[in-house]
Amino acid sequence: MAVSQRRGRRIMMTDEERDAYLAEQRTCRVATVAADGRPHVGALWFCWDGASLWLYSITLSLRWSQLSHDPRISVVVDDGVEYGELRGIELAGEAVFVGEAPRTGEPCPELTAPERLFAAKYFGMETMPHDGRHAWMRLTPDAVTSWDFGKLVAPTGP
């Protein structure tokens, strides 16, 4: 990752914490940019392979159209209700389309691992079902910011 987190080192997740967190979370919010500069944010499922975030999006979506014209993307995955439970990760960089669009299951070695991860995470399956409406994009972030406010809360008890 090219840019490391400068502020909030005390609440920053370790690489191991980040990987575990992204493996367990199911929904992210994806921000893209319209031609006029207006942001667009939408929810999406994802998988993380330890280096890249893989997003499976409908190819006729506004998100897909905007990324076709401007690949800049920011993705937030977060959770928590009470202050000490707040945690999350923001990943930013450029989206890269991978494989055929829409995806029909044509052989694509680069998609073998993410499709296995995604199929297990969301469908409880070993192989990825394809509906001919979705396709893959990869975000290998050039900036990552993370927070875990639980690290600020002092432990209680004996």
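The values are calculated or read from the model by the stated rules, or taken from the named source; none is laboratory data. Small disclaimer: the values here were computed from a predicted structure and weren't measured. In case anyone asks, the SASA skips ligands and DNA or RNA and just uses the protein heavy atoms, side chains included. Shrake-Rupley method; radii C 1.70, N 1.55, O 1.52, S 1.80 Å.
For the chain, the solvent-accessible area works out to 57 Å² per residue, with a probe of 1.4 Å and every protein chain left in place.
Here the chain has 55 percent of its accessible surface on carbon and sulfur atoms, given a 1.4 Å probe and all protein chains in place.
Each residue was assigned an accessible area with a 1.4 Å probe, and for residue 140 the value is about 70 Å². Against the chain, whose longest principal axis is taken from its Cα atoms, helix 15-24 shows a tilt of about 60°. Put 64, 147 in order of accessible area, highest first, and with a 1.4 Å probe you get 147, 64. Residues 46, 149, ordered by accessible area of protein heavy atoms at a 1.4 angstrom probe radius and largest first, appear as 149, 46.
Using the 2.2 N^0.38 Å rule of thumb for compact globular proteins, work out how the chain stacks up: its C-alpha Rg over that value, please.
Rg over 2.2 N^0.38 Å, computed on Cα atoms: 1.11.
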